[in-house]
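Beneath this line is the structure, given in structure tokens, with notes to follow.
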Amino acid sequence: MLKARETTMREIAPLLGIASCALLGLQAFLGQAVGGGLFGDALLGPDSYARGARVLDLLQGGGWFEPALDRVVPGGVEQHWSRAMDLLIAMGTLLFWPFSIDLQSAIVGWSTVLPPVLHVALLWAAVWAVSPVFDRQRLLYLTLILVAQIYIAPQFAPGRIDWHSLVLITSVVTLGFLLRLLSRDGERVGAAIGLGAVFAAGIWISPETMLTLAPTVGVIGLAWCLHTRRMGARDGLTLSGVALAGLVALHLLDHGTLWSVPTVDRISGLYLGLFAAHFGFWMLARLTERHVSRGGVPLARLAIAGVCALTVVLGLYEAFPALASGRINEVDDLYHDLRVAHIQELDGVFSFSHLLSRGVLETLTGALPKLSLFLLALPLLAWRLLAARGLGAWLWGWLALCFAILLRDDFVPNRMLAIFALLSAYPVAEALGKLLDELDRRAVVSAVRRAMAGNVPAGGAGWESLMSPQWRRSTVVATLLVAILFALPFAGRPFAADTGPHRYRLPEMNETLVGKVERPARPAGCGHDRVIDLLPAGSRTVMTYADLGPQILFRTEHKVLSIPTHRPQPGFAASHLAMSAERAEAARDILTDLGVDLVLICDSPGVRAFFALDDRSSVGSRLLAGADLPGFGQVALPRWARQAGLALVRVEKARASGGRDGF
């Protein structure tokens, strides 16, 4: 709904304050139910531990430009994770350090507080973004829907320090600056500078922000091409100039040089080229406005934009041939088969190919709980896209482009549920507001007609409209609709572990929410929360499953052979080769060449293939069974560890004389 004036944040601050308290309460519940305590001593998942290990190295004197974890042998492994999140964690950790036992405890403490705070920031940013378009009633429903979206909440769970939270915030901040840039009454220069800064910061946070930055580039380009007076080339030149300058500065901060090898998953020369091309387009647009009949007709502008877009595409494929071959950021086949295949957050919620193999009914029934809000938002978005005028039309057009990019692949993965839920909230809130506008209008008309007929005093028409059955019915309808939107997602499993057995999980969210809050049973194998306690003190090299690597790096001084990352890791392949070998001597030779002192074996779903536990003749299977093999020595473990499917084995080092010795 377009309004005569923008709703100020001061007007809706009380509402957002109440909603913020509700979000913090929800996150407190998640901290108790998922992590076993809001102020526990654990991070949530291996990615959080890997980031914690990087921040730990940084605070202990590691170089800011050094992206590798040196204690991953051989040769270290490079991380592509967000430096923006690293900076947030490091700054907050320094505040917690004086009140903590050690640096690790300070990181855990701040990582418990930071995600819920970012969740509140997302709520405020999402409401601020559309305040030029939505009235207070629609902002109310938007707030209720966002608080109710249980698929957004896990991204901000206490202990989960991941860049996805910043990606969600960047998406709605981008939308907010875009609407203010296209608003005829807004301060365009300030909006252009803000949007350019968000462009640069978004790529620095994570290139995943391109999912919403690319539609933004398309919308502002279309606004200029159509000569709508909402977008001038001067504004575009300011935006693209700020974005390019910011990206260059952040690239220098990350790499220390002006150019880097082009990669898709982190700030690199690829994005410098894209932003330079964007700046070049707006320079050409500015020259067009000044020298070609005040910019020419829309057809001429569209021709200029088309030529520029074609030039950029051809230039990218010429400069970066790897784009055409699809070999940028190639994932090792062995790593893909043994680990990536078991990451649930990469599983498809909905696949178009399933429509043919499973059938329409089965596919939609399985996807409905998780995509309920999105499936409801699609027809509502199409309706508003056709009916809206003015600034609202650009909002719905931007959302349509975002959904088109998000649905570009054959399937919708679990990891995209949060952004689907976030963007779907806008058309649903608009539809709720439109419905209640109509019910309210009918109630007022009915009350006025009765007053004019003499059935009630004219002065009581306002009160009559407020207390009329129609108004009460509209209030009940709104409450029920929001309740349904809140309840539908719980038919799914929003807190299923997204990387296999190493995550805490809530197997049945319905039982947990409806009944009493219970911590799930302690998982066995790699997921056991005391598995790291089995390792001795000191600094040794440990071979184990990749998902345990980050926790070992964070909590101990040991070295590991692999961590969860798609980049090539020789230690991951060598570990699997040693565990799947049939001869103990061959396995020992592989491990001793890498300097391995200890082997930690765990029996968990999704991990058995890595240790070759299904092959009874493999070294991994026999070591887990407690066999004494040449070159290996079993370490005595407590009873609970054996019951949990754990085994700790030392690798005996060969003496120069040919004998063997322990480590």
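The values are calculated or read from the model by the stated rules, or taken from the named source; none is laboratory data. Small disclaimer: the values here were computed from a predicted structure and weren't measured. When we count neighbours, we look across all protein chains shown, and the Cβ atoms used for this are built from the backbone with ideal geometry, even at glycine. When the accessible area is computed, the model is the full protein with side chains, heavy atoms only, and any ligands, DNA or RNA have been set aside. Shrake-Rupley method; radii C 1.70, N 1.55, O 1.52, S 1.80 Å.
Given R₀ = 30 Å, FRET efficiency for L95-W640 by Cβ-Cβ distance, to 0.05? Write out the running numbers ahead of the final one.
On the way: r = 37 Å, r/R0 = 1.23.
So, using R0 = 30 Å, E works out to roughly 0.20.
Based on the Cβ-Cβ distance of L375 and I405, what FRET efficiency does E = 1/(1 + (r/R0)^6) give at R0 = 22 Å, to the nearest 0.05?
Details: r = 18 Å, r/R0 = 0.81.
After rounding to 0.05, the efficiency reads 0.75.
Any chance you could run the full-extension gain for D70 through L385? It's 0.36 nm times the residue separation minus the Cα-Cα distance, nm to one decimal.
On the way: separation 315, 0.36 × 315 = 113.40 nm, distance 5.19 nm.
Between D70 and L385, full extension yields an extra 108.2 nm.
I need the calculated FRET efficiency for the pair K434 and M283, taking r as the beta carbon distance and R₀ as 51 Å, to the nearest 0.05. Numbers along the way, then the final one.
Numbers: r = 42 Å, r/R0 = 0.82.
E(calc), rounded to 0.05, equals 0.75.
Taking every Cα atom in segment 107-151, find the radius of gyration and the maximum pairwise distance Dmax, and write them in Å.
Taking only Cα atoms of segment 107-151, I get Rg and Dmax of 13.1, 41 Å.
State the extension gain, in nm to one decimal, for the chain segment bounded by H566 and Q60, taking 0.36 nm per residue of separation less the distance between their alpha-carbons. It would help to have the intermediate numbers written out before the result.
Details: separation 506, 0.36 × 506 = 182.16 nm, distance 2.63 nm.
Once the chain is fully extended between H566 and Q60, it gains 179.5 nm.
Can you give the local net charge around W282? Use residues other than it whose beta-carbon is closer than 11 angstrom to its beta-carbon, Lys and Arg +1, Asp and Glu -1. Mind showing how you got there, number by number?
Working: positive: R234, R286; negative: D235, E289.
Net charge in that neighbourhood comes out at 0.
On full extension of the chain, what length is gained from E78 through E11, given 0.36 nm per residue of separation minus the C-alpha to C-alpha distance? Display every interim value, and only then the final one.
Working: separation 67, 0.36 × 67 = 24.12 nm, distance 4.73 nm.
Here the answer is 19.4 nm.
Can you tell me which of 386-398, 269-281 comes out highest on packing, and rank the rest after it, using the mean Cβ neighbours within 10 Å? Please report the intermediate quantities before stating the final value.
Values: 386-398: 17.8, 269-281: 19.8.
Highest to lowest by the protection proxy: 269-281, 386-398.
For I101, I203, what's the largest-to-smallest order of accessible area, 1.4 Å probe?
Details: I101 160, I203 0 Å².
Result of the area sort, largest leading: I101, I203.
Excluding A609 itself, calculate the net charge of residues whose Cβ lies under 12 Å from the Cβ of A609, where each Lys or Arg counts +1 and each Asp or Glu counts -1.
Numbers: positive: R339, R608; negative: D337, D603, D614, D615.
Around A609, the charge tally is -2.
For a quick check of your reading of the filter: which trypsin sites (Lys or Arg not before Pro) in segment 153-197 sit in a DSSP loop and have no more than 15 other Cβ atoms within 10 Å? Could the numbers behind the result be given before it?
Values: sites: R160, R180, R184, R188; in loops: R160, R184.
Those that pass, being in a loop and sparsely packed, are R184.
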